[in-house]
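Single-structure report; data block below.
The values are calculated or read from the model by the stated rules, or taken from the named source; none is laboratory data. No experiment lies behind these values; they were computed from the predicted model shown. Quick reminder, even Gly has a Cβ in these numbers, built from the backbone with ideal geometry, and neighbours come from all protein chains shown.
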Amino acid sequence: MKKIESIILIVIILLIALFLIISNLHIFEDDIKADLPINFVLKISKIEDGLPKTKFTHQIVKYEGFQLSYNEENEQADWTAYILTKQMIKNSTAKRKDNFREDKNIITETANNNDYKKSGFDRGHLVPAADMKWSENAMDETFFMSNMSPQYPDFNRKTWKNLEEDIRNWASKNDSLYIFTGPYFGNSTTTIGKNEVKVPEYFFKAIYDISYPEYKSIAFFIKNENSAKDYKIFAITVDSLESLTGFDFLPKIEHVETIENNADINKWN
DNA sequence: CTGGGGAGC
DNA sequence: GCTCCCCAG
């Protein structure tokens with residue numbers, strides 16, 4: 001074999017090898033989910049590790065069962081975050097007491113009941129009371145006005161409620177979920193009450209199943225309107241929700257991006 | 001505090 | 001029936 005032919009052969013072999021390496025790398029990236037460490041769930045078992053990264057400097061308050069960031073300008077939270085486990089659902093014993101009240105933990109003061117009275121809007125929970133039934137105190141803290149947003153009655157009592165109920169079902173089947181909930185204002189200028197509580201145009205949820213090995217996530221972005229709709233048609237990826245809201249959920253968690261690009265509602269049942 | 005509504009199980 | 005989301009008085 002001539003020298004020139006040998007060189008061409010070697011180059012061809014190298015090109016084929018390179019192609020195989022690149023394809024394998026690509027496959028590996030798509031399949032990285034399977035390579036997440038078995039203790040992945042432990043890494044994000046603390047709420048502190050999952051707080052969204054935002055440009056805001058609003059007051060963050062930690063309650064027994066959840067955390068929130070309070071936005072004085074809107075007189076409601078930017079987001080709420082908590083973990084919901086199978087065990088919490090199992091230990092659902094607390095009774096709902098409906099003691100809606102101002103939240104003295106908020107330095108700048110919160111909205112109050114009068115702001116919502118006769119407004120035509122429900123005092124909609126961001127963190128549902130029924131998710132905190134594992135503790136009287138945790139449930140009680142969901143009735144702080146810092147956890148309320150003006151929601152249209154049909155949205156709150158039908159569309160949103162159905163989503164919340166299914167999330168509880170998912171939690172009991174999937175061991176533990178990481179849940180973010182919040183309002184999205186868009187160009188809204190509508191306010192209610194003396195404290196001018198801003199009425200959101202949409203509400204969002206981002207949900208992560210952090211149970212090994214079924215890592216998955218899904219998000220919802222639903223219009224705040226007085227009509228009942230099937231929440232399932234508003235399923236989007238967490239990636240999309242992050243683009244829409246500007247929040248980076250679970251920013252400290254390694255590899256979490258690999259589970260944020262899927263919105264298959266059929267994986268949740 | 002008690003009364004009520006409506007959806008869903 | 002019950003629970004869950006609420007409202008008004």
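When residues in the stretch A:124-159 are screened for being assigned to a strand (DSSP E or B), within 11 Å of DNA strand C (Cβ to nearest atom) and in contact with a Ser or Thr (Cβ under 8 Å, 6 or more places away or on another chain), 3 of them pass.
A Cβ distance below 8 Å, combined with a sequence gap of six or more or placement on separate chains, defines the contacts here; from the stretch A:72-98, residues that are touching a residue at least 12 places away in the same chain (Cβ under 8 Å) reach residues that are among the hydroxyl-bearing types (Ser, Thr, Tyr) and within 16 Å of DNA strand B (Cβ to nearest atom) in the pairs A:LYS86/A:SER172; A:ILE89/A:SER172; A:LYS90/A:SER172.
Of the residues A:ASP175, A:ASP166, A:ASP131, which single one is in the same structural domain as A:PHE247 (by TED's automatic domain parsing), acidic (Asp, Glu) and within 16 Å of DNA strand B (Cβ to nearest atom)? The unique qualifying residue is A:ASP166. Residues in the stretch A:160-204 that are outside any helix (DSSP H, G or I), basic (Lys, Arg) and surrounded by fewer than 17 Cβ atoms within 10 Å (Cβ to Cβ): A:LYS194 only.
All of A:PRO213, A:PRO183 fail the test of being more than 16 Å from DNA strand B (Cβ to nearest atom) and more than 21 Å from A:ASN269 (Cα to Cα), apart from A:PRO183.
Taking the listed residues A:LYS161, A:LYS133, A:LYS198, A:LYS194, the one that is more than 29 Å from A:THR108 (Cα to Cα) and of a type in the set (Lys, Arg) is A:LYS161, with no other qualifying. A count restricted to the stretch A:103-135 and to residues that are touching a helix residue (DSSP H, G or I) at 6+ places or on another chain (Cβ under 7 Å), in contact (Cβ under 8 Å) with a residue 60 or more places away in the chain and surrounded by fewer than 21 Cβ atoms within 10 Å (Cβ to Cβ) stands at 2. Restricting attention to the stretch A:93-113, which residues are among the hydroxyl-bearing types (Ser, Thr, Tyr) and closer than 18 Å to A:GLY124 by Cα? The answer is A:THR110, and nothing else.
Scanning the stretch A:80-123 for residues that are assigned to a loop (DSSP other than H, G, I, E, B), of a type in the set (S, T, N, Q) and within 9 Å of DNA strand C (Cβ to nearest atom) gives A:SER92, A:SER119.
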